[in-house]
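**Q** Let me give you the structure first, and then I'll get to my questions.
Just so you know, all these numbers are worked out from the coordinates, no wet-lab data involved. None of these values were measured; they are calculated from a predicted model. Note that we place each Cβ from the backbone using ideal geometry, even for glycine, and neighbour counts take in every protein chain shown.
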């Protein structure tokens, strides 16, 4: 996939105020401070697209970005532009906000995930520096219960040695194997080194093509 442009569209307080569901969209979510904004900027090749912050809980709304891309897996459509949405969702877990605000976020996220009809894939970001966290496992189990398609992205792989990253990824997958018959797809990424970029964009490219044919 070749990203031609990426632009901010709107921030919405709930799914009913999101843009018309006339384009495929891919949502990104993870624990606060997992490197979501940096990953989005890396994927779109635009360091100023999503606002990065060292403060957990900075993203509080559903942020839509319109992406214009060209497929690199379908030669018959080479050069043709396709528009789709990339969605930046609020993080779950630790944030210095009130219980009331946190519950509002949870309801907003659940409403979006379960009712957004054009949602093609959710990318769940997991910090590769850490061993499996219960909050992440619980969130994945909830997505599975809701039958929402998702892919895992282990972030910040450049912040630890390859051995530590590989160990943490294996531990996470082993935890899932205890209760899951089939493991979801996963990628290892680094926003700094652009690790995983091509593989993630290829999956979006393939999903766009598959969804058009289905």
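**Q** Can you tell me the FRET efficiency between residue 110 and residue 185 if r is taken as the Cβ-Cβ distance and R0 is 25 Å, rounded to the nearest 0.05?
**A** Numbers: r = 23 Å, r/R0 = 0.92.
After rounding, the FRET efficiency stands at 0.65.
**Q** With just the Cα atoms of segment 2-213, tell me how far they stretch along each of the three principal axes, in Å, largest first.
**A** 43, 40, 35
**Q** Which value at 222 nm does the chain reach when only helices count, each DSSP H run of 4 or more adding -39,500 (n - 2.57), with the total divided by all residues and rounded to the nearest 500 deg cm²/dmol? Can you show the working numbers first?
**A** On the way: 5 runs with 71 residues, N = 214.
-10500 deg cm²/dmol, from helical runs alone.
**Q** A further question on this structure: Rounded, prolate or oblate: which one fits segment 159-214, using the alpha carbon gyration tensor with axes a ≥ b ≥ c (rounded when a/c is under 1.5, else prolate when a/b beats b/c, else oblate)?
**A** Numbers: a/c = 5.34, a/b = 1.28, b/c = 4.18.
Oblate shape, in that a/c is at least 1.5 and b/c is the bigger or equal ratio.
**Q** Of all DSSP beta bridges located in the chain, what percent are antiparallel, nearest 5? Spell out each step's value before the answer.
**A** Numbers: 18 of 38 bridges.
Looking only at bridges with both residues in the chain, the antiparallel portion is about 45 percent.
**Q** Mind ordering 201-207, 114-120, 64-70 by average Cβ neighbours within 10 Å, highest first?
**A** Details: 201-207: 17.4, 114-120: 15.1, 64-70: 19.0.
Answer by packing, highest mean first, reads 64-70, 201-207, 114-120.
**Q** Still on this model: Along the Cα→Cβ direction, 7 angstrom out, place labels at residue 17 and residue 47. What is the inter-label distance in nm?
**A** 3.3
**Q** Sort the following peptides by mean Cβ neighbour count (other Cβ atoms within 10 Å, averaged over residues), highest first: 173-181, 128-136. The partial results should precede the final answer.
**A** Values: 173-181: 11.8, 128-136: 15.8.
In descending order of packing, they fall as 128-136, 173-181.
**Q** Starting with the fewest neighbours, write out 85, 8 ranked by other beta-carbon atoms found within 10 Å of each beta-carbon. List each step's numbers first, then the result.
**A** Values: 85 22, 8 15.
With the sparsest Cβ surroundings first, the list reads 8, 85.
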